[in-house]
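Below is one structure, written out as structure tokens, with a few remarks after it.
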Amino acid sequence: MNYIVNEEMLPENAVLLTVADTAKYLNIGETKTRELMKKYRTKFVIQLGRRKYVHKDLLDKWLRAQIIHG
């Protein structure tokens, strides 16, 4: 997958991203974002109550590893 990060689409100083924010950040759809969150929930997903968020720093770290290791 080719992930092109879009920093301009994020709320300022965001640490936890919603599904919509993450989709905008990765330039992918919300359905694909949810699939990634489900598949890699132990890598960068944080659950607060019933809501799930993506930790931006952990996501960035995971993305860099994908680029390096393919």
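Here are the numbers for the structure shown:
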read-out	value
Kirkwood-Stokes translational diffusion coefficient of the range 18-70, alpha-carbon pairs, 4 °C, 1.567 mPa s, µm²/s	115 µm²/s
Inter-probe distance in nm under a simple model that places probes 7 Å from Cα toward Cβ, at I68 and I46	2.3 nm
Peptides 15-24, 28-37 ordered by average Cβ neighbours within 10 Å, highest first	15-24, 28-37
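Read-outs throughout are calculated quantities, based only on the coordinates presented, and are distinct from any laboratory measurement. Keep in mind that what you see is a predicted model, and the values were worked out from it rather than measured. Virtual Cβ from ideal backbone geometry, glycine too; neighbours counted across all protein chains shown.
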